[in-house]
1. If the chain between residue 178 and residue 260 were fully stretched, how many nm would it gain, using 0.36 nm times the residue separation less the Cα-Cα distance?
2. In debye, nearest 20, what is the charge dipole magnitude of the stretch 209-301 about its Cα centre with +1 on Lys and Arg Cβ and -1 on Asp and Glu Cβ, if you could check?
3. Can you tell me the alpha carbon radius of gyration of the chain divided by the globular rule-of-thumb value 2.2 N^0.38 Å?
4. HN-Hα J couplings of the stretch 166-178 from phi, Karplus 6.51/-1.76/1.60, θ = phi - 60°, integer Hz, Gly and Pro as x?
5. With contacts defined as alpha carbon pairs under 8 Å and 6 or more residues apart, what's the relative contact order of the chain in percent?
6. Dividing the Cα convex hull volume of the stretch 62-212 by residue count, how many Å³ per residue is that?
7. Using a simple charge model, +1 on the beta-carbon of Lys and Arg, -1 on the beta-carbon of Asp and Glu, nothing else, what dipole does the chain show about its Cα centre, in debye to the nearest 20?
8. Provide the three semi-axes, in whole Å and in decreasing order, of the ellipsoid equivalent to the stretch 1-142 as defined by the square roots of 5 times the Cα gyration tensor eigenvalues.
Amino acid sequence: MALKHRIILISLILLKFVIQYHLISPVYELQRDEFLHLDQANHLAWGYLSVPPLTSWTSYLIKIARNSEFLIKFFPALYGALTVLVVWKTIAALKGNLFALLFGSCCIMFSVLFRLNGLYQPNSLDVLCWTAIYYLIIQYLNNRQPKWLFYIAIVFAFGFLNKYNIVFLILGLIPALALVPERKVFMERKLYGSLLLAIVIILPNLIWQYQNNFPVFAHFKELQATQLVNVNRWSFLRSQFLFFFGTFPVLIFALYALVKYPIFKPYRLFFWSFFVTIGIFLFLRAKDYYAIGIYPVYFAFGAVYISSLLENKTGKILKPVLIALTVVLFLPVYNIAFPNRNPAYIVDHPEKYRNYGMLTWEDGKEHALPQDFADMLGWKELAHKVDSIYRQMPDPENTLVLCDNYGQAGAINYYSKLGIKAVSFNADYINWFDLSKKYTNLIRVKNYWERGIELETTGPFFKKSMVADSVTNSYAREHGTTVFSFINAKININKRVSNEIASEKRKKNLPL
């Protein structure tokens, strides 16, 4: 790589990091899902009910660094920067010039990736793995060296251990390969050797899934029943456009070039793969962001093709304009898609958010704030109030803190100053109860819509019960969540909890 190219690439990556750390207003806290992923560091395993194990390994590194918020934001930002790097390498593999390298990289950088890379979730690494696999396929098509098949297998395996979503990449590739001459790869012995390598790497997780009655299928079924059923297919397609607002035409150029541009003939399987994969997501009513990993490679194709159209005097003028447009057209998205505005501003200016469908949550209903934004508020308040109540308990060390959902439990565990280990019957927390203690008191964190009869149903089992506090942040998704205090149990709490765990596990077909 020429020195000039290297300097530009490093500058892009540094810019990516700098911008990434300035996209979230200090008024917001960590997001609901992030707490669960961070808590997995305290319960390392080869699998979880909600996600594969790889995120927990990263969480363990963050735990060693005392849960530094800088590191929590660093890893998704790193995966985003590496995605830009892989797009750059892909363009180079397609023989793109400096303009193509810079234009394609800017297209993917100034996009939804800034939003995705702001959250500590498996999604950022998922997009990186999709992009890397597509890049490795291009390298294989360029020289047919078997080593690329093994690299693909390794990246796929780690992508699988990060997020099962990457299976859809393969499901989209297989029929696409069958439609092009490159299908002869199915006769390549090395392909099956690389497949075996991938299976060996993911085998511990498969064994864990088997031992736990394959909770991935139960989780997917629950998603379909509670969230995916509310997914509107038209909204899914609209979101694909909004993810890359302003640069979406580059994707159209890419798809056209894959059919008509002679130099791209060896890569025609990418044309078919795009539509097959999108079709699968549409059929399954997938969440819109599941498909983001498809796109980076197409910006590489589009940038190279557009570069070939601009090899004239007019092109010399248009090239810097196109690069500048990737930034200029990103600005309207910057003002809407990121939690960089005070919640009060969003409530006072709902139309611009409503027009982009951002006020509609996974329940299919419209709310005052975008769901992700509301999921980043109220957590510190909840944790501090639970700490305060915990201190006042007559026997705090034998007090069980039981929450309704994983966000509440994870936030308390993260923000608590007392080392509280809250639990829930929700998500992976059902496996994390410590029943070695003899519990005599209970702090119950209850969703506001389910709090009405808590004193009536639970109170009789304790000598003293009361509503202790609640979340008052009106912008938080957890607004109204109530904290109950139950003191001096008249029953065996451990036995009651153990029975409830067994009941919940039977409902979810989990091993007892």
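1. On the way: separation 82, 0.36 × 82 = 29.52 nm, distance 1.97 nm.
Roughly 27.6 nm would be gained on extension.
2. Numbers: 8 positive and 2 negative charges, 50 e Å.
Here the size comes out at about 240 debye.
3. 1.06
4. Coupling constants for the stretch 166-178: 5, 4, 5, 4, 5, 4, x, 7, 4, x, 5, 4, 5 Hz.
5. On the way: 749 pairs, mean separation 86.4, N = 512.
This gives 17 percent for the chain.
6. Values: hull volume 21.8 nm³, N = 151.
Considering the Cα atoms of the stretch 62-212, their hull volume per residue is 144 Å³.
7. On the way: 52 positive and 32 negative charges, 280 e Å.
Charge dipole of the chain: 1340 debye, to the nearest 20.
8. Numbers: eigenvalues 181, 68, 28 Å².
Gyration-tensor ellipsoid for the stretch 1-142: 30, 18, 12 Å.
Rule-based calculations on the coordinates, nothing more; no lab input. For clarity, every value in this text was computed on a predicted model and none was experimentally measured. Neighbour counts are summed over all protein chains in view; Cβ atoms, including those assigned to glycine, are modelled from backbone coordinates with ideal geometry.
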